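The values are calculated or read from the model by the stated rules, or taken from the named source; none is laboratory data. Note that the coordinates shown come from a computational prediction; the quantities given were computed from them, not determined experimentally. So basically every Cβ, Gly included, is an ideal-geometry build from the backbone, and we count neighbours across all protein chains shown.
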Amino acid sequence: MTSPASALQIMAHPDDDLYFVNPAILQGLRSGTRTTTVYLTSGDSSGRNPRPGQRGPVTEDRAAYGKARQNGIKAAYAAMALGDRTARWKAMTLTTAAGPVAEVYSLTDAPWVTLIFLNIRQHGTPEGPPRSLHVLWREEAERVPTLVLSGGLVREQHWYTKDGLVRTLLQIMDIVRPTVIRSLDPDPDRLVHSERFPQRHDYGDLADHCDHTAAALFTWLALNRYPGPAEGRTFTVEAFRGYYNERWPHNLGIRAVAQKELFLNLYAAADGYDCGDPAGSGDYSVGLAARMTGWVQSTAPRHPGGAGWLLPDRSGRLTAFAVVSGQAAVWLETQPGSGQWRGPFLLGGGPLAPGLAVCLSPDGRWQIFAERLSRLAADDAHTREIVLLEQTEPGGGFGDWTSLGNPSAGTPHRDRHLGGPVVARDGLGRTHLFVRNAGQGLQTRIRMSDGTWGSWTDLRGHELQEGLAAVTAANGHVDVFGPSREAVFRWGHKSLNEPLARAPRFRLAPSAGPVAAVLQPSGRVMTVYREPDTGDLLAAQEDAPGGRWAEPAEPLGGRGGYGAVALAAGPSPEAGTLLACRSDSGGVAHRFLPGDGTWRELSAEPLGGTFAGAPAAAFDAEGRAVIAVIGADARLAVSRQAEPGSDEFGPWTIVG
């Protein structure tokens, strides 16, 4: 292993990781990162697992179906880690903190790869409640049973209470000591179902499976009590969308989709492979149809965050901000342009969702905005809020966190559907805070130059994805870009004396995820985002500062990947604008505009094979471009341009 990274995935069912989290897991496995995945339920579903070519009625056998899914997921992990689906596993049991016994398998030739099966019955007992995880979370059942699998390691049924499941997850975290923890989506979007968006597998009007949501909420509840990997080390968290993927522009290119599909086909034994277990060799219902669901074609973080978390202070000293160990954290350059760093310094505020929005006040004080998961409620009356932390003076310490509320506060079952914050400061010194609201529109709150905050204002819009971008133009106007299902829209000032409004004639081709925006050295505003179905980048910009926008957006190429794009404007037109984003391999692809059009890449292998969230980009006090990420090891990693004007970047400097 090349990194101290330890990755822990907590999934509802065997295959959730393959559909919704990959390629992140695969990238870690290929780098030798310690990897543990926990499956809360046995995934027994209807208990029917029709074999390829089978005709006629299929007998219900939940115990066999659960075991077949175990066999399939073990084959997929063996292939991802070792390139051999038949690789041997060492089997053992784990008596959990709550008393039930779990099944544990580690690859014999790669013992740092472990799968843990709690085997909670997905649909309860025949006479009991359906959707075990869901009813356990909502406290509609005091306890839920496990399933004894055909030929499994555990031969008797056990029961989990809500507290017992949380204590079990904490026990596993203590054993694994993860530096990156990946969950499913704790707050799936609400969706009006229609002929275009049928109910399919969703639960109620939430756009996901209720087991996915409950598994995520149990994970986040346990995270609130997880002290971290010990020895002063930190951890980072990522949550991934589930069935959301089928209804929004797909964000992965052909290569990444084919790779995800390959391991799903191995999990399904779609080629007719027989492992010798009479229970079955995989989840035959997946077959060769994994792509038909629309879930494979995207990997969508629930909290994509922005890429503007690496910024210079008034002295030119670069400062990095991120969420680690559930708190805001800051890293500081020791001197402007030195390339030497101190940190992380933890600033509290938790439990915070991944991703921060940061800006400097007119007098040079850092202001940090975040989304806090303030309450995880059994009755789904969750509390999410935007919070703010400010420096007490330039270069000084920070005060106390304050709440800026939630546009949907007090509205039952809508509070939780809050997007992460985006901020910009206009030419009059006012701070504009933007969020995606529960109705998937744009909401704003403005802090006046005297420090007072106005109320939340609805700027409207519809079907916005997560991943807004805000930028201050050369004339002091604020532009906001929002990716909707059908197009990228823009809101802006006509004058600083008027409120922001959506530009009625601005409509760019759809984005496959977050958008980014930057004020270029030329004084023109540019927006960059990913093209659906390719992962490549598209760019649009003004024809002159404050001028018209050229349409359509122009292709910039790329190296695949998903997530937000980092943009940094150089100190001069000759320095250009730096673009950096995740690649298909899990590294950081980068190029300069205008430049020669060549994409280059920084490998994330030393960081655990990939990184959390989105990269950030900036130029230092010496005019050198800088790229930063938070690795899977939860440490800040910084790579600096060899010299101004060079296309090459130096090796990662790892901090913390």
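Annotations
- Residue-level analysis places E385 outside the set of residues that are crowded, with 21+ Cβ neighbours inside 10 Å and over 21 Å from D450 (Cα atoms).
- Unmet requirement for V588, which otherwise passes all of (1) over 26 Å from E238 (Cβ atoms); (2) under 20 Å from the mean Cα position of the chain (by Cα): (1)
- In region 43-85, of all residues being closer than 14 Å to Y267 by Cβ and among the polar types (S, T, N, Q), the one that is nearest to the chain's Cα centre (by Cα) corresponds to Q70.
- Just one of the listed residues (G348, G339, G343) is out of contact with any helix residue (DSSP H, G or I) (no Cβ under 9 Å at 6 or more places or on another chain), within 28 Å of R182 (Cα to Cα) and outside any strand (DSSP E or B), namely G348.
- Residue tally, condition over 18 Å from L388 (Cα atoms) and in contact with a strand residue (DSSP E or B) (Cβ under 6 Å, 6 or more places away or on another chain), over region 399-414: 0
- Being crowded, with 24+ Cβ neighbours inside 10 Å and in contact with a Pro (Cβ under 9 Å, 6 or more places away or on another chain) is a condition met by no residue of region 84-93.
- Residue that is farthest from A68 (Cα to Cα), among those in region 304-317 that are buried (at least 23 other Cβ atoms within 10 Å of the Cβ) and either at pLDDT below 95 or among the hydroxyl-bearing types (S, T, Y) (or both): G308
- A single member of S106, S183, S194 is more than 30 Å from E463 (Cα to Cα) and of a type in the set (G, A, S), and it is S106.
- The number of residues in region 616-656 that are among the small types (G, A, S) and assigned to a strand (DSSP E or B) comes to 8.
- Verdict on L266 being within 30 Å of G152 (Cα to Cα), in the same structural domain as R182 (by TED's automatic domain parsing), among the hydrophobic types (A, V, I, L, M, F, W, C) and in a helix (DSSP H, G or I): yes
- Scope region 367-391; condition among the basic types (K, R) and without any contact (Cβ under 8 Å) to a residue 12 or more places away in the chain; matching residues: R375
- Test: A589 is in contact with a His (Cβ under 9 Å, 6 or more places away or on another chain), part of a strand (DSSP E or B) and of a type in the set (A, V, I, L, M): no
- Within the option set A329, A320, A300, being modelled with pLDDT of 95 or more and closer than 30 Å to A207 by Cα holds for one residue only, A300.
- Among residues of region 417-432, those that are in contact with an Asp or Glu (Cβ under 7 Å, 6 or more places away or on another chain) and either assigned to a strand (DSSP E or B) or charged (D, E, K, R) (or both), counted: 1
- Residue in region 254-268 that is within 19 Å of G613 (Cα to Cα) and either free of Cβ contacts under 8 Å to residues at least 24 places away in the same chain or surrounded by 23 or more Cβ atoms within 10 Å (Cβ to Cβ) (or both) present: yes
Yes/no matrix, rows are residues, columns are (1) modelled with pLDDT of 95 or more; (2) in a strand (DSSP E or B); (3) within 29 Å of the chain's Cα centre (by Cα):
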| site | (1), (2), (3) |
| --- | --- |
| L118 | yes, yes, yes |
| E156 | yes, no, no |
| D163 | yes, no, yes |
| L170 | yes, no, yes |
| M173 | yes, no, yes |
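- Contacts under 7 angstrom Cβ, first residue in region 610-626 being closer than 19 Å to F235 by Cα, partner acidic (D, E), 6 or more apart: A612/E238
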